[in-house]
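Here is the structure we will look at, set down as structure tokens.
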Amino acid sequence: MHIRTGFLINDDFQEGNNVGNLTEDIQKRRTFAIISHPDAGKTTLTEKFLLYGGAINMAGSVKGKATARHAVSDWMEIEKERGISVTSSVLQFNYDGFCINILDTPGHQDFSEDTYRTLMAADSAVMVIDGSKGVEAQTRKLFKVCVMRHIPIFTFINKMDRDAMDTFDLLDDIEKELGIATVPMNWPIGSGKNFRGVYDRRDNRVVTYADTEKGTKEGLATEYDLDDPELEAFIGEEAKQQLTDEIELLDGAAAEFDLEAVSAGKLSPVFFGSALTNFGVEIFLKYFLQMTSSPLPRKADCGEIDPFSPDFSAFVFKIQANMNKAHRDRIAFMRICSGHFDAGMEVYHVQGKRKARLLQPQQMMADDRHIVKEACAGDIIGVFDPGLFSIGDTLCMPGKSFCFEGIPTFAPEHFARVRQVDTMKRKQFVKGISEIAQEGAIQIFQEPSSGMEEIIVGVVGVLQLDVLKHRLEKEYNVEIILENLPYEYIRWIENREIDIYSISGTSDMKRICDLKGRPLLLFINSWSPGMVLERNPGLQLSEFGHDF
């Protein structure tokens, strides 16, 4: 039997991001996103990574009364009120010699486009699955996005401290529902009240946990050899026999671990545990860091950009206004794709066709931030945005000009007419609506020839309308009236030369335009766009929005 309290952190690396040897520092970077169906425990798992990395001293949970603290990665007020994540948090910490960038994504399906954009910035994904429910609807949707990008997917089956599905059925569920082969790296001993620990298949050892103080502390991990008499005394004869039988079955039937297949996104290593109680979290983190790679090359219109190139390049994947209420600031989050970044360096903003200085570069721990002097490929930094950047923008060194692959937009599925209650607050209303739209959370439309006093807002999920109302009130001191509209389908008109009023439409069709004056059509019925195309030969309609 062996007792340990955690892995050592490289002290030289713990002090921050000071970039020394560029190649070595890039090799230390690991940048990944965490995805899951709502309430599978994704944010709790993120907290525990921070706990083991020494970034926080005590972990909070999203809902738990026993640990009545808000999760570190939830910073927006509405997240703390409702116990959900509706924005993507960017978190960095150091562990065991690695510098880790976590992109904690919204689990709620209404915010799936924010998750999609975030996945564009990740090199791999951790998929969290509820052990009692298996693969759920939002998991399937997010998994498809990962497959489209061919990024490695690592699975953490969570909540084993509750009564769970049969372990073999869980693996079967993943393979059938998601179409990816699985290889269990560890194996749970029981579930619910009988959950005693996990068996590490590579080291042939059982790891149990104690003194985690309901998951708020790392606690003690005790390791047993499989033939250690103390193991049977701890878990019981019946559980020991069941574990022995299941290991034998696994060794004969489970897929072999193949790092190439994992890297290609064809094989998912599976880990079991409980993020709430810390069971299996550190084992997962240790193996994950060994199996993932340093930052990968990125596709651009000039070919692939090598992350180890000394020339800085990055793209903007997220914009967030008012993270700091005191300063009413606007932050553009960018993924550094190559080279070395120095605070205040001059870069070329490709879409703006101008040089710019990246001011106030910072890294985040939810709403806590610190200024960074240096960063390198794989890092996520936020820079002050005076209104210059848009989602999908590329930045590179002066004298160069190329664009990273674009970030697609999502077609809204819910629409509402929005107007302010107090017309004297028009300026705040326009500012708030415009800034929130630039973040990509909503899309704004107008009826032709109308002003901004009354607009139409399009969102992917209805909860985004609640967030819009909440943020306008709290951040911009503007009250609004929302009137839900019956439209569900939107089409962009590709023929720029066509007069929107000359189109022969259907009774459920509405003509609108976006803030750039581009014409669009809204429909209530799914069959209406096809009928409009039949009535207007030569008309071209698109289901997808233009890139940002």
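For this structure, a couple of remarks:
- Relative compactness, region 150-249, computed as alpha-carbon Rg over 2.2 N^0.38 Å: 1.15
- Largest-first ellipsoid semi-axes for region 414-507, taking √(5λ) over the Cα gyration tensor eigenvalues, angstrom: 26, 15, 12
- Once the Kirkwood radius over Cα pairs is known for region 143-188, the Stokes-Einstein relation at 4 °C and 1.567 mPa s delivers a diffusion coefficient of 109 µm²/s.
- Convex hull per residue volume in Å³, alpha carbons only, for region 463-530: 121
- Structure note, pairs Lys318/Lys427; Lys48/Lys469; Lys42/Lys286; Lys176/Lys299; Lys42/Lys373; Lys193/Lys286: Cα-Cα distances above 22 angstrom occur for Lys318/Lys427; Lys48/Lys469; Lys176/Lys299; Lys42/Lys373; Lys193/Lys286.
- On the principal axes of its alpha carbon atoms, region 213-313 extends 63, 37, 20 Å, with the longest extent given first.
- Among residues other than Asn194 with Cβ under 13 Å from its Cβ, the summed charge is +1 (Lys and Arg +1, Asp and Glu -1).
- Cβ crowding within 10 Å averaged over residues, with 430-440, 142-152 ranked highest first: 430-440, 142-152
- Convex hull volume of region 338-492 per residue (C-alpha atoms, cubic angstrom): 153
- Highest average packing first - 335-347, 444-456, 32-44, Cβ atoms within 10 Å: 32-44, 335-347, 444-456
Computed from the coordinates by the stated procedures, all read-outs in this text should not be read as laboratory data. Note that the structure is a prediction, hence the values are computed from the model and not measured. Neighbour counts run over all protein chains shown; Cβ positions are idealised from the backbone, glycine included.
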